[in-house]
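Chemist: First the structure, then my questions, so here it is.
The values are calculated or read from the model by the stated rules, or taken from the named source; none is laboratory data. What you see is a predicted model, and the numbers here were worked out from it, not measured in a lab. For neighbour counting, all protein chains shown are included, and Cβ atoms are generated from backbone atoms with ideal geometry for every residue, glycine included. Heads up: the accessible areas ignore ligands, DNA and RNA and are worked out on the full protein's heavy atoms, side chains in. Shrake-Rupley method; radii C 1.70, N 1.55, O 1.52, S 1.80 Å.
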Amino acid sequence: MSAPTDQSSPSPPASSSRRVLIVGGVAGGASCAARLRRLDEAAEIVVFERGPYVSFANCGLPYYVGNIITDERTLLVASRELFRQRFNVEVQTETEVMAIDRPARTIRVRDVRTGTSRDERYDVLVLSPGAAPIRSPRPGVDRPGVFAVRTIPDTRQIRAWIAERQARTAVVVGGGFIGLEMVENLVQRGLAVTVLEKLPQVMPPVDPEMAVPVAEHLAAKGVQLRLGDGLVGIEASANGGLSVVAESGSRLPADLVILAIGVRPETTLAKDADLSLGPRGGIVVDAQMRTTDPHIWAVGDAVEVRDVVTGQETVLPLAGPANRQGRVAAESIAGRATHFRGVQATAVVGVLGLTIATTGASEKGLQRAGVTRYEKVYLHPGHHAGYYPGARPIHLKLLFAVPDGRLLGAQAVGFEGVEKRIDVIATAIQFNGTVHDLAEAELCYAPQFGAAKDPVNLAGMLAENVLSGDMPLADWAALDRTPALVLDVREPHEFAAGHIQQAVNLPMSELRTRYRELPRDRDLWICCGVGQRAYYAIRFLTQHGYHARNLSGGYTTYKDLWAAGLIP
Ligand code: FAD
């Protein structure tokens, strides 16, 4: 749901001396203030920030806990003084906006230090209050030693707690982006970390099979994973520490607990002022970021925006969209033609050397949105040319529309070059690209950086092969009930090291001489290590009159699908 676009707005002209008040002085609010000043020298711009700092790097907070960032001051991207001197923007920190009186066009603000309140008049109001960590209602979540991570003072407290208690163990509740970043940084501090995650996978934004290598990597790094197990409560333990009680009945000892179970748009102000909220709980805005009140704009984590892939409304707590929305709101307030194109959920997280990146829709997101006409390919190419030392695999999943090949989404996991591939695909999605565009993309290549057929090209080529019928796909999910013959074309020693239960082995190296042994009256589902030799086998066999399909991604994908419970 979007507010109607009101081009005949009552906004005063750009050069009037309007009073523009902004609630929230970090990503969206600060970028809106700075951009508006560049467009309108006459406006009076005042930013109200509840916390002690304006424009701080919330994305850097986990790394301050981990001592990667050692000087707190580097988290302060801009100061009140900088806003005043450089932009003539007044910032009032430790000043909370308590209420909006829309008919009077005033807000009630409270000085957090003194408790005194006053009213401030506005011509234009911008809301960028962000999203608050979801505080679980479970007993014990308010105990000392249980932390959320949103502000610099939060991280200061965590650092002090670790130092004073000489903390050795931590439980991170929630295995999403912020949870995993905290895992990395607590491990970096030498703590033994357990992740308690209600879902059966870490990294909920990616599909379950793509989260399997992440879970394996965490386990290999000594992180204990409790997946599919929720939080019941947090108790004090006899030794002065904490005990996290899980739904399974487990009691996990911890010197500190991080709650990272997600965030919720901060909409109290908007709701109390009767601004429309959408089905996902965010503030409804139009493409100019204007709310249902023509004098009030809203940006950032608190708003609902359109997902450009599914066309549905969504909330997406990411810094890039918040910054761009702040800019769009400023342009709209200044009377310029502008619009926010929507989001496609491009995101990246690093954890203990592994990178996980995603753009567009996941497969489960497509299914939730009711999209059925799509296909997917898996591939596991090296991050650079195989002959150059040090190539490491990137596990890539590409989703595309059938039959036109429009790109719908991609997810990748690996050690190097992961976010570069996802960024290329993200850009292609932004320009309504197809798999043919990926196949055609002319990308950087030298042996240490990529390959003459970059993983992005390969993904596009594989998808083209599917669309053209050159490489029909088998349905992994039907593996346990298919009457097809599952044929593994790897060499015998590879087959012996592990294979799909019902598979028979006929190596690619012998296929041309032995193919007549295969049944012509039965579908052949072909598997190899990563899908490449299976593709060669399919091309050979189909040209000899066989019905052959590719188990995309091969045995590597099989293991992940099986571990994720997607193949019985
Ligand atoms: P915020 O930046 O959160 O700013 C909102 C501000 O409004 C807050 O400072 C709050 O104090 C203030 N406020 C709220 N209500 C009031 C009120 N009534 N009166 C006055 N002030 C008020 N995103 C990424 O894209 N990449 C990352 O790597 C990444 N890492 C993150 C790591 C952490 C630990 C966190 C917490 C977030 C991370 N994010 C990341 C998300 C990103 O920081 C947010 O999406 C972005 O900051 C949202 O901008 P915003 O302006 O909507 O809200």
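Chemist: What residues have an amide H closer than 5 Å to that of Asp523, excluding those fewer than 5 places away on the same chain, when H is modeled at 1.01 Å from N in the peptide plane?
Modeler: Under 5 Å from the amide H of Asp523 lie the amide H atoms of Leu485, each far enough along the sequence or on another chain.
Chemist: Just to confirm the filter: which trypsin sites (Lys or Arg not before Pro) across segment 346-443 are DSSP coil and have at most 15 other Cβ within 10 angstrom of their Cβ?
Modeler: Arg373
Chemist: Still on this structure, I have one more. Using the alpha-carbon centroid of each, what span in Å lies between segment 507-568 and segment 379-439?
Modeler: Value for the Cα centre distance between the two parts: 23 Å.
Chemist: On to the next question. Can you pull out the GluC sites (Glu not before Pro) in segment 338-444 whose DSSP state is coil and whose Cβ has at most 14 other Cβ atoms within 10 Å?
Modeler: Answer in residue order: Glu442.
Chemist: How many nm is it between the label spots at Glu247 and His547, if each spot is 7 Å from the Cα in line with the beta carbon?
Modeler: So the label points at Glu247 and His547 sit 4.2 nm apart.
Chemist: Can you work out the Karplus-derived ³J(HN,Hα) for every residue in segment 500-514? Use 6.51 cos²θ - 1.76 cosθ + 1.60 with θ = phi - 60°, whole Hz, and x for glycine or proline.
Modeler: Residue by residue, segment 500-514 yields 5, 3, 8, 6, 10, 10, 9, x, 3, 5, 10, 4, 5, 9, 10 Hz.
Chemist: I would also like to ask the following. By how many nm would the segment from Ser17 to Asp523 lengthen if fully extended, with 0.36 nm per residue of separation less the alpha-carbon distance?
Modeler: 174.7 nm
Chemist: A further question on this structure: What's the carbon and sulfur percent of the chain's accessible surface, probe 1.4 angstrom, rounded to a whole number?
Modeler: Taking all protein chains in place, the chain shows 50 percent carbon and sulfur surface.
Chemist: Still on this structure: Cβ neighbours within 10 Å, averaged per peptide: list 506-516, 275-285, 539-549 in order, most packed at the top.
Modeler: Answer by packing, highest mean first, reads 275-285, 539-549, 506-516.
Chemist: Along the charge dipole of segment 88-240, Cβ charges K/R +1 and D/E -1, which of Val223, Gly145, Leu125 sits furthest on the positive end?
Modeler: Value computed over the given set: Gly145.
Chemist: Would you please give the residues with an amide H less than 5 Å from that of Ile567, counting only those at least 5 places away or on a separate chain, with H modeled from the backbone geometry?
Modeler: Trp562
Chemist: How many Å² of accessible area per residue for the chain, probe 1.4 Å?
Modeler: 43 Å²
Chemist: So, one more: Expressed in nm to one decimal, what extension gain is obtained for the pair Arg86 and Gln312 from 0.36 nm per residue of sequence separation less their Cα-Cα distance?
Modeler: 77.4 nm
Chemist: Once you put a point 7 Å from the Cα of Arg168 and another 7 Å from the Cα of Arg121, both along the Cβ direction, what distance in nm separates them?
Modeler: Inter-label distance under the simple model: 6.4 nm.
Chemist: Here is a follow-up. If you average the C-alpha positions of segment 230-255 and of segment 94-173 separately, how far apart do those two centres end up, in angstrom?
Modeler: Rounded to whole Å, the Cα centres lie 26 Å apart.
Chemist: I want to check the label-to-label distance for Thr74 and Arg392. Put each point 7 Å from Cα in the C-beta direction and report it in nm to one decimal.
Modeler: Distance between the two pseudo-spin positions: 2.2 nm.
Chemist: Given N residues in segment 444-568, what is Rg(Cα) / (2.2 N^0.38 Å)?
Modeler: That works out to 1.08 for segment 444-568.
Chemist: Can you tell me the 0 to 90 degree angle between the C-alpha axis of helix 177-188 and the longest principal axis of the chain, rounded to 10?
Modeler: Value to nearest ten degrees: 80.
Chemist: Which is farthest toward the positive dipole end of the chain among Met182, Gly370, Gly409, measuring Cα position about the Cα centre, with Cβ charges +1 (Lys, Arg) and -1 (Asp, Glu)?
Modeler: Going by the charge dipole, the pick is Met182.
Chemist: If you place +1 on the Cβ of every Lys and Arg and -1 on the Cβ of every Asp and Glu, how big does the dipole about the Cα centre of segment 368-506 come out, in debye to the nearest 20?
Modeler: Taking the Cα centre of segment 368-506 as origin, the dipole is about 340 debye.
Chemist: What's the extension gain from Leu39 to Arg280 if we count 0.36 nm per residue and subtract their Cα-Cα distance?
Modeler: Net length gain for the segment: 83.5 nm.
Chemist: Sticking with this one: Given H placed 1.01 Å from N in the peptide plane, which residues other than close sequence neighbours of Phe147 have an amide H under 5 Å from its amide H?
Modeler: Amide H neighbours of Phe147: Val257, Ile258, Leu259.
Chemist: I would also like to ask the following. Given Cβ point charges of +1 (Lys, Arg) and -1 (Asp, Glu) and nothing else, what value in debye, to the nearest 20, does the dipole of segment 33-76 about its Cα centre take?
Modeler: Dipole about the Cα centre, nearest 20: 100 debye.
Chemist: Using a Förster distance of 41 Å, how high is the FRET efficiency between Asn432 and Asn239, based on the Cβ-Cβ distance and rounded to 0.05?
Modeler: The calculated FRET efficiency here is 0.10.
Chemist: Sticking with this one: Mind checking the angle between helix 152-165 and the chain's longest principal axis? C-alpha axes, 0 to 90 degrees, to the nearest 10.
Modeler: On a 0 to 90 degree scale, this one is about 70.
Chemist: Would you please calculate the Kirkwood hydrodynamic radius of segment 290-349 over all C-alpha pairs and express it in Å, rounded to one decimal?
Modeler: Kirkwood radius, segment 290-349: 12.1 Å.
Chemist: Moving on. What FRET efficiency comes out for Glu94 versus Asp470 if R0 is 60 angstrom and r is the Cβ-Cβ distance? Round to the nearest 0.05.
Modeler: 0.40
Chemist: Using the Kirkwood radius over Cα pairs, work out the Stokes-Einstein diffusion coefficient for the chain at 20 °C and 1.002 mPa s, in µm²/s as a whole number.
Modeler: 82 µm²/s
Chemist: Quick one: what are the phi-derived ³J(HN,Hα) couplings along segment 133-139, Karplus 6.51/-1.76/1.60 with θ = phi - 60°, whole Hz, x for glycine and proline?
Modeler: x, 5, 9, 4, x, 5, x
Chemist: Which residues in segment 539-561 have a backbone N closer than 11 Å to a point placed 7 Å from the Cα of Arg514 along the Cα-to-Cβ line?
Modeler: No residues fall inside that zone.
Chemist: Holding the Cα-Cα limit at 20 Å, pick out from Lys198/Lys420; Lys364/Lys397; Lys376/Lys559; Lys420/Lys559 the pairs that are longer than that.
Modeler: Lys198/Lys420; Lys420/Lys559
Chemist: If R0 is 25 Å, what FRET efficiency do you get for Lys453 and Phe415 from their C-beta distance, rounded to 0.05?
Modeler: Here the calculated transfer efficiency is 0.80.
Chemist: If you keep only loop residues by DSSP, which chymotrypsin sites (Phe, Trp or Tyr not before Pro) in segment 431-484 have at most 10 other Cβ atoms within 10 Å of their Cβ?
Modeler: Phe431
Chemist: Give me the orientation-averaged projected area of the Cα convex hull of segment 22-171, in nm², one decimal.
Modeler: Average of the hull's projected areas for segment 22-171 equals 11.1 nm².
Chemist: For the chain, with only Lys/Arg (+1) and Asp/Glu (-1) charged at the beta-carbon, what is the dipole magnitude about the Cα centre, in debye rounded to 20?
Modeler: 380 debye
Chemist: Hey, what's the Cα Rg ratio for segment 51-101 versus the globular rule of thumb, 2.2 N^0.38 Å?
Modeler: Output field value: 1.39.
Chemist: Continuing with the same structure: In units of 2.2 N^0.38 Å, what is the alpha-carbon radius of gyration of segment 122-197?
Modeler: Relative to the 2.2 N^0.38 Å estimate, segment 122-197 comes out at 1.32.
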